[in-house]
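First comes the structure, then the notes that go with it.
The values are calculated or read from the model by the stated rules, or taken from the named source; none is laboratory data. Everything quoted here is computed from the prediction, not taken from an experiment. Don't worry about glycine lacking a Cβ; one is built from the backbone with ideal geometry, like all the others, and counts go over all protein chains shown. SASA here: full protein model, heavy atoms, side chains in, ligands and nucleic acids out. Shrake-Rupley method; radii C 1.70, N 1.55, O 1.52, S 1.80 Å.
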Amino acid sequence: MGAVVALIAVLMVLLSGMSSGLVNDGVSGLRRMPVTAFGFAEGTRVDGAFSRSVVDTRQVEAWRGQPGVEAAEPFGNMLVNAHSGAGAPIDLALFGVRPGSFLDPTPASGSRLGSADGLVVSSTLLDAGLRLGDTVTVDRLGVKLTVIGATADQRTFGHVDVAYLPLDTWRRIHTGADGEATAVAILARNGATLDLAAGDAAARTTSLTLADAYATSPGYTAETSTLTLIQVFLYAISALVVGAFFTVWTIHRQHELAVLRAIGASRVYLLRDGLAQALLILLAACAAGVLAGLGLGALVAGGDVPFTLEPPAVLTAAGLLIALGLLGAATAIVRIATVNPLAALGAQR
């Protein structure tokens, strides 16, 4: 019983790491932006907002005048193919920001945005071999950019590494139109609650909170929904498997339990005793499975598979396994309450 519970715990830890890794690889660039909400062009579909939306300076100014808004900045987003000076192909999610604004990232190494051809890249690009001072050339357009800084952490969008560049340079690469951007990045004042509907009416935009904007990342909704469904089925299977094991365990102990009932043990005592033993088995087996899962996860993390072990997600998975295991055990142990004491005195024979 303990071995089966431990194996289920290993699966839950690995699935949790895969789920967290996919989320991090899909929207870590958005998650690490100090943004309250994004204002997209009016009527833009959510599933492709960053690739379809175009806003102008008037919409940005309209958002700046809304109550509770600390700052509103134009934000550019596009995916491009590029190559390094050595000729290695690079896929980039270009984030166009105004240097000095609240969207301008603080690099862990190198310098901040300033020059027109400067790039501040995700740390994962440095891990892939790019270096400060390297030249990156955007395919087809031939625009040359220089890596001047790198963030301290992973920043990706749609499983593509993020590179920050000045908004004017982003406009030159995107369309060449002055004053245009992908969305309005909105920052609320401390403690203020934004009236997104009123802001949309004034600026003629469709706004999404930062968390809702995750769904605009390519494949984010499909990936997270699939993994969530797999986890739900695994939780349901774990409850059934543990319940089945404890049913067999209870049947084997039926005569002993009947003896206890015959000498005066209450139903509550038998239920409490059975659940306590089940809890001990679940705790020990789950702890062993989580430790094994963490060990396997450490081997997987850092490779090509997006995998991130986050303590809250792992603890949640372990807690659900124990809770569902107890539920399955309780369902099986309920039969203790129907044990006939006469069975211990030979009435069945």
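General observations
- The number of residues in region 209-241 that are within 18 Å of the chain's Cα centre (by Cα) and among the aliphatic types (A, V, I, L, M) comes to 9.
- Scanning region 290-318 for residues that are open to solvent by less than 70 Å² (accessible area, probe 1.4 Å), touching a helix residue (DSSP H, G or I) at 6+ places or on another chain (Cβ under 9 Å) and either part of a helix (DSSP H, G or I) or closer than 18 Å to Val242 by Cβ (or both) yields a count of 10.
- Any hit, region 201-214, residues being crowded, with 16+ Cβ neighbours inside 10 Å, in contact with a Pro (Cβ under 6 Å, 6 or more places away or on another chain), at negative phi and in contact (Cβ under 8 Å) with a residue 40 or more places away in the chain: no
- Residue within region 40-63 that is in a strand (DSSP E or B) and touching a helix residue (DSSP H, G or I) at 6+ places or on another chain (Cβ under 7 Å) present: yes
- Checked against (1) in contact (Cβ under 8 Å) with a residue 24 or more places away in the chain; (2) on the phi < 0 side of the Ramachandran plot; (3) not acidic (Asp, Glu), Gly110 passes all but a single condition, namely (2).
- Count of region 215-235 residues which are touching a residue at least 40 places away in the same chain (Cβ under 8 Å) and either open to solvent by less than 50 Å² (accessible area, probe 1.4 Å) or β-branched (Val, Ile, Thr) (or both): 13
- Some residue of region 189-196 being open to solvent by 50 Å² or more (accessible area, probe 1.4 Å) and among the basic types (Lys, Arg): yes
- Residues that are buried (at least 18 other Cβ atoms within 10 Å of the Cβ) and more than 16 Å from Asp200 (Cβ to Cβ) within region 36-74 comprise Phe50, Glu73, Pro74, listed in sequence order.
- Unique match (being within 23 Å of Pro74 (Cβ to Cβ) and either at pLDDT below 95 or not polar (S, T, N, Q) (or both)) among Gly142, Gly149: Gly149
- Of all residues in region 261-289, exactly one satisfies the criterion of being touching a residue at least 24 places away in the same chain (Cβ under 8 Å), open to solvent by 50 Å² or more (accessible area, probe 1.4 Å) and either on the phi > 0 side of the Ramachandran plot or of a type outside the set (A, V, I, L, M, F, W, C) (or both), namely Arg267.
- Flag for Ala152 being hydrophobic (A, V, I, L, M, F, W, C), within 25 Å of Val121 (Cα to Cα), in contact (Cβ under 8 Å) with a residue 12 or more places away in the chain and open to solvent by 50 Å² or more (accessible area, probe 1.4 Å): yes
- Counting only strands (runs of 3 or more DSSP E) that fall entirely inside region 83-145 and contain at least 2 residues that are over 18 Å from Asp168 (Cα atoms), the qualifying elements are 89-97.
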